[in-house]
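Taking it in order: structure first as structure tokens, then the write-up.
The values are calculated or read from the model by the stated rules, or taken from the named source; none is laboratory data. Just so we're clear, the structure is a prediction, and the values are computed from it rather than from any experiment. So basically every Cβ, Gly included, is an ideal-geometry build from the backbone, and we count neighbours across all protein chains shown. SASA here: full protein model, heavy atoms, side chains in, ligands and nucleic acids out. Shrake-Rupley method; radii C 1.70, N 1.55, O 1.52, S 1.80 Å.
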Amino acid sequence: MKDIKLNYDYIIIGAGVSGCIVAERLCSRGKNVLLLEAGKFFYSKNFLTKEVDSNSQMYWNGGIELNSNASIGLIRPKVVGGGSIINGGLLDPFDDLALEGFKDITDIDFFSLNSLNPYYEKINSLTTIEKIPEEYANLNSKIFKQGFKANGFQCASLERGQKNCPYSDGVDCITCLSGCPTNSKQSTMTTYLREALKNGAKIFSEFKVKQVDNSSRESIKVSGHDKNLKQWTFSCNKLILASGAIGNSKLLINSGFKNKNIGKNFYTHPQYMLMAEFDHEVNAYKGPLQNYKSDDLNFRKKGFKLENVFAPPAAISALFNGVGDEFFSCLKNINKFGSIEVCIRDENPGEIKVGRNNKTIVYKELSDLDKKKRDLGFDAIKNILYSQGAKRVIEGDFGIGLHLMGGCSIGSEEKKSVFAPDFSMYEDKRISCADSSIFPNAPGINPSLTIMALSIKFAEELHE
Ligand SMILES: Cc1cc2nc3c(=O)[nH]c(=O)nc-3n(C[C@H](O)[C@H](O)[C@H](O)COP(=O)(O)OP(=O)(O)OC[C@H]3O[C@@H](n4cnc5c(N)ncnc54)[C@H](O)[C@@H]3O)c2cc1C
């Protein structure tokens, strides 16, 4: 690799949401930073347009990893920009309920709106957040909004990290799940990473970190291999873990770190999609994917929220029950299907382990209370869809985990957590983390904006 040295002040493992932000904050203060990222570097012009290609090239393990009893599919990005390249781009701050939940478990005072608001605000300097204009709402979104009204539920326009999306040119945002071709989506690759690189950050993409060796007092060694399987070892004074809940847990376990909490307290906000068939065309995949979100205090208290997303064909086909003709008749009529999903605030923690042949094993199940939340969500969705004339509603029984959180939780007590309130690791103060893996429980709200806020807070305090 051109220009890549072997020693750095800071090495960041993972160039996703957190990694790119920490890199930008450190480089803007003149620090010497290397990012190591397993995924490829794609640009707006070469994002993959076929689902089969993006699944295999932009996600770990071909697009989906299963929990131990195959009831939940875990979707984990592997691309420069991480989740921000392939996600829905919805950016919501936490509410008091989420932050009080974090504070109760961790006993950390900065989990409050007063403390985090200045960091949420800082995100606006590099990231544009917009509402999608109502005039572009597709029929699936209109069904969502009207169904909420008909049932007395509250919904609101959602806020998305995007800038001047050319809806009037007829863009279909479903393609953005493989990267936004118009560069409107505010991925950390187009915002923070771009700035970090201008300020001297180095990035080594398609580099898989395999081992962290902290046995020497002088420096921490990080080793792994590039796309040609050539082995490299880098050293740094300070190591920042930003490879997500599964990435960090796996790396620390494989590297022989002893803290018994590593891999524990893993949450996913399991989501279940219900597909509804109508007499008429819905074309849920056209235009913006979704315009509105549930904003109902009653749902929030009961532990679920609703979204009206859709997915590309291979993903959607996994949600139809049945085989043979029954299955194909659904696919043939795909343009007549709308969809609403329930996303639950899971209370039952899972655990990430590493099995034989370095295989990731994720134990994660719904407790009876979690199932109750899901079923309450199903009831609300059916009421919404039938009130809008759905002929039938197909209940998905397969959960999807998009928000992978925890595994290395933060907290004031070493015996219950992996990272301390200053984001440093209890086992070695030279190693820190502010990504999704430090979440102590499931907030029940889209996690990205808070990962961004915590990453800014961490990087600025680290510098001080
Ligand atoms: C389809 C989808 C839709 C979503 N929609 C939303 C949404 O609308 N709003 C929202 O808030 N959240 C959404 N999320 C979740 C959100 O994207 C994640 O919570 C967020 O990306 C987590 O940020 P992170 O920095 O912890 O990790 P990531 O962004 O996942 O970054 C981790 C990076 O580390 C790299 N890595 C892992 N292991 C290694 C290794 N050993 N060596 C080198 N690199 C490694 C990975 O390749 C990855 O690029 C969605 C997720 C998905 C999958």
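Some points to look at:
- Exceeding the 23 Å Cα-Cα cut-off - candidates LYS149/LYS301; LYS353/LYS416; LYS45/LYS142: LYS45/LYS142
- Segment 361-401 and segment 97-123 have their alpha-carbon centroids 30 Å apart.
- Computed in the context of the full set of protein chains, the accessible area of the chain at 1.4 Å probe radius has 48% of its extent on carbon or sulfur.
- If you sort ASP96, ASP325, ASP9, ASP279 by accessible surface, 1.4 Å probe, largest first, the order is ASP325, ASP279, ASP96, ASP9.
- Each Cα pair under 8 Å and six or more residues apart adds its separation to the average, and for segment 362-464 the resulting relative contact order is 18 percent.
- Phi angles across segment 305-312 convert, under the Karplus curve 6.51 cos²θ - 1.76 cosθ + 1.60 with θ = phi - 60°, into 3J(HN,Hα) values of 9, 10, 9, 10, 7, 9, 9, x Hz, Gly and Pro given as x.
- Principal axis dimensions, largest first and in whole angstrom, of segment 69-118 by Cα: 34, 31, 16
- Rolling a 1.4 Å probe across all protein chains gives CYS155 an accessible area of roughly 40 Å².
- Partner aspartates and glutamates for LYS31 [C-alpha distance under 17 Å; skip if fewer than 8 residues away on the same chain]: ASP3, ASP9, GLU195, GLU460, GLU461, GLU464
- Three-way shape call for segment 28-107 based on the alpha-carbon gyration tensor, with the a/c threshold at 1.5: oblate
- In order through segment 200-209: 3J(HN,Hα) via Karplus (6.51 cos²θ - 1.76 cosθ + 1.60), integer Hz, x for Gly, Pro: x, 5, 10, 10, 10, 8, 6, 10, 9, 6
- Anisotropy class of segment 33-182 from Cα gyration tensor, a/c 1.5 cut: rounded
- For the listed peptides 184-191, 61-68, 247-254, 360-367, a ranking on the average number of other beta carbons within 10 Å per residue, highest first, reads 184-191, 247-254, 360-367, 61-68.
- In a fully extended conformation the segment linking LYS353 and SER387 would gain 7.8 nm over its present Cα-Cα distance, using 0.36 nm per residue.
- When nucleic acids and ligands are ignored and a 1.4 Å probe is applied, SER294 ends up with an accessible area of around 20 Å².
- Candidates TYR120, MET189, PHE41 compared by Cα position along the dipole of the chain: farthest toward the positive end lies PHE41, with charges placed on Cβ.
- In the full protein context, the chain carries 41 Å² of accessible surface per residue, based on a 1.4 Å probe and ignoring ligands, DNA and RNA.
- Restricting segment 406-444 to trypsin sites (Lys or Arg not before Pro) that sit in a DSSP loop and have at most 11 other Cβ atoms within 10 Å of their own Cβ leaves LYS429.
- Accessible-area value, TRP60, 1.4 Å probe, nucleic acids and ligands omitted, Å²: 50
- If R0 is taken as 51 Å, the Cβ-Cβ distance between LEU297 and SER44 corresponds to a FRET efficiency of 0.85.
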